[in-house]
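Asker: I'd like to ask you about the structure that follows.
The values are calculated or read from the model by the stated rules, or taken from the named source; none is laboratory data. Only a predicted model underlies this, so the values are computations on that prediction, with no experimental measurement involved. We place every Cβ from the backbone using ideal geometry, glycine too, and count neighbours over all the protein chains shown.
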Amino acid sequence: MIIESLLLQTKLFLQDDMGIEIVETKVADDGTDRVSLGDYTSMIGVGGKINLMVVISYQNELLNVLVESFMDGEEVDPEEEQEIKDSVAGEVVNTIMGLALPTFPNRGKGVTITPPITINDASNIAKHKSSKIITATITTEHGAMSVSVIGPEDILK
Amino acid sequence: MLKVLIVDDSMIIRKKVAKLFEKFGHEVLGDAQNGQEAIEQYNSKKPDLVTMDITMPDMDGITAVKEIMKDHKDAKIIMVTSHGQEDMVIKSIQAGAVGYMLKPITEEKLAQTIGEIFPEYAVDEQDDEIDILNDDF
């Protein structure tokens, strides 16, 4: 339920807000113990009544298109480029999480969310033995992004 | 023209919101990345309007609203949040915020919110249509 909601909001965000065409989506619930990360990654911690980690990872080309859209055609100063990319990566996960939250168990009431954290120098994130990982991969006309949820098995089923 | 303070921990959102306000002819006095900076800037700049993110590091937006409202009962603060959490919005309004906008922020949402709080600055859609017609001819 949680991954379906995040996937739906990601698709709506990409298509309706960013004007990006989606080519394919896939959900992997295969018992993997790690999330493979793309070129840029941003994550949000969910706490309170539900404890989860939501990780969104982007291929560089797709993040560049998202940056262009956020900048409304304004040119990016090369000195600010890294900070802007980190900021957009974080803002996208923040927005998708916020849109999906009302569809979480108990309509997301009693749930707290951390500000986004950006990770750029890691190739994967490993789970703790008792948790579970489900990943949705969204392939677009400008490259792919993945949305992963890491959390207790009973919440993610 | 409104004098505006923008509070958000996201650089891209600060840039985007500032650009929209400037497009509407308002003046952005400054920006802040957390609640503490927002209080300091409010006290020194006395803006007509503040846009305030809710979830920020160090001090969140709801705490900042409470602090600003203690000394400035007439402060006009709009909460900006990506969280569809009714309880966060309710807490913000109880703290003294005059309205809220859900992210993603668009020109239409911002224009509507400004118009609700400051009717004298409402964007007249009819005028826009006339402008577009004039552009065509």
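Asker: Restricting attention to the range A:95-122, and to residues there that are assigned to a strand (DSSP E or B) and either among the charged types (D, E, K, R) or under 16 Å from the mean Cα position of the chain (by Cα) (or both), which single residue is farthest from the other protein chains (Cβ to nearest Cβ)?
Answerer: Among residues in the range A:95-122 that are assigned to a strand (DSSP E or B) and either among the charged types (D, E, K, R) or under 16 Å from the mean Cα position of the chain (by Cα) (or both), the one farthest from the other protein chains (Cβ to nearest Cβ) is A:I119.
Asker: Could you list all residues from the range A:80-119 that are without any contact (Cβ under 8 Å) to a residue 12 or more places away in the chain and hydroxyl-bearing (S, T, Y)?
Answerer: Hit for the range A:80-119 is A:S87, nothing else.
Asker: Just checking: which of the helices (runs of 4 or more DSSP H) contained wholly in the range B:16-115 hold 2 or more residues that are of a type in the set (A, V, I, L, M, F, W, C) and within 14 Å of chain A (Cβ to nearest Cβ)?
Answerer: Ranges flagged: B:86-95.
Asker: Still on this structure: Considering only the range A:19-54, state which residues are crowded, with 18+ Cβ neighbours inside 10 Å and more than 21 Å from A:T118 (Cα to Cα).
Answerer: Correct list: A:I20, A:I50.
Asker: Go through (1) buried (at least 17 other Cβ atoms within 10 Å of the Cβ); (2) within 26 Å of A:D17 (Cα to Cα); (3) modelled with pLDDT under 95 one by one and return the number of the condition B:V50 breaks.
Answerer: (3)
Asker: On to the next question. Restricting attention to the range A:126-157, which residues are β-branched (V, I, T) and at pLDDT 85 or above?
Answerer: Selection gives A:I133, A:I134, A:T135, A:T137, A:I138, A:T139, A:T140, A:V147, A:V149, A:I150.
Asker: Look at the range A:123-137 and say how many of its residues are more than 14 Å from A:G31 (Cα to Cα) and of a type in the set (G, A, S).
Answerer: Going through the range A:123-137 one residue at a time, the tally reaches 1.
Asker: Further question on the same structure: Could you grab me the full set of residues in the range A:6-36 that are among the β-branched types (V, I, T) and touching an Asp or Glu at 6+ places or on another chain (Cβ under 7 Å)?
Answerer: A:I20, A:V23 - these are the residues of the range A:6-36 that are among the β-branched types (V, I, T) and touching an Asp or Glu at 6+ places or on another chain (Cβ under 7 Å).
Asker: Right, here's the next one. Given the range A:6-74, what strands (runs of 3 or more DSSP E) lie entirely inside it while holding 3 or more residues that are within 13 Å of chain B (Cβ to nearest Cβ)?
Answerer: A:40-48
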